[in-house]
Amino acid sequence: MVMASATHKILVVDDDPAIRNLIHRFLSQQNYQMQSAEDGKTARAVFEQFNPNLVILDVNLPDTTGYQLCKELQERTDVLVLLLTSRADENDKIHGFLQGADDYITKPFSLGELGVRVGALFKRHRPLKVAEQQRLIFDKLVIDPVRREVNFSDQPIPLTALEFNLLHFLASHPGRVWRRAELIKEVWASEYIGDPRVVDVHIGQIRRKIEIDSAQPELIQTVRGVGYKFEVPSTTEQNGKTERI
């Protein structure tokens, strides 16, 4: 379990006051700074003032959807988003991940499970080690872990926080094949207890943003029956253009 930090700020957005207050009270007791909102309009205003690290976001809101608000927040910041929903359908989960959600929890849930998931999300964002701070350059692709920026052909590539973490991890170990369970342990954190197919969803999203042809990916390749690997472009090897070492 990750120790809660008083510097971690969480915004809870849910139109059900019982659930909202329960989450607010429980996580406050875990030493998190908390704020709450009952709808999208209030959430946007609180978000600007509070600047949270994590938003716990109900899918069904009176003036918008959690999916839309999640997408909006992730397009502007790298805030973590944990979606709450009463729907257990796989397509709903996939839709949430496609909008930038970092995790997904289905109602009813236990406060213990919520605490574990929140801790796992913050564990992913531990400070970088010195060796992890160097830029990775692979021909047209540049990954800057300090600024958390990705450029391809000199154009900025908008990635969610989780997409960035996954791409950076794979690119930091070029040629190494990773199973889904290994990627979940390394990128999602060991406490993650969700669907392992979330890896496929995020790989697909990254490919659509950095591959010339996402149907025939050259950078992030599928190793059938095993998992995924990051393949260094041949032009990078020929030109020696990398700052990985």
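Observations on the structure shown:
- Think of each Lys and Arg Cβ as +1 and each Asp and Glu Cβ as -1; about the Cα centre, that makes the dipole of the chain roughly 640 debye.
- Solvent-accessible area, 1.4 Å probe, carbon plus sulfur percent, for the chain: 48
- Members of K140/K209; K107/K229; K41/K209; K93/K123; K123/K209 lying beyond 24 Å, as alpha-carbon distances in this model show: K107/K229; K41/K209; K123/K209
- With R₀ set to 22 Å, the beta-carbon distance separating R76 from T7 gives a calculated FRET efficiency near 0.55.
- Local net charge near G227, Cβ-Cβ under 9 Å (Lys/Arg +1, Asp/Glu -1): +2
- Normalised by the number of residues in the chain, the mean separation of alpha-carbon contacts (under 8 Å, six or more apart) gives a relative contact order of 15 percent.
- Å² of accessible area per residue within the chain, as computed with a 1.4 Å probe and no ligands counted: 50
The values are calculated or read from the model by the stated rules, or taken from the named source; none is laboratory data. In this text, all values refer to a predicted model and were calculated from it rather than measured experimentally. So basically every Cβ, Gly included, is an ideal-geometry build from the backbone, and we count neighbours across all protein chains shown. The accessibility values were calculated without ligands, DNA or RNA, using every heavy atom of the protein model including side chains. Shrake-Rupley method; radii C 1.70, N 1.55, O 1.52, S 1.80 Å.
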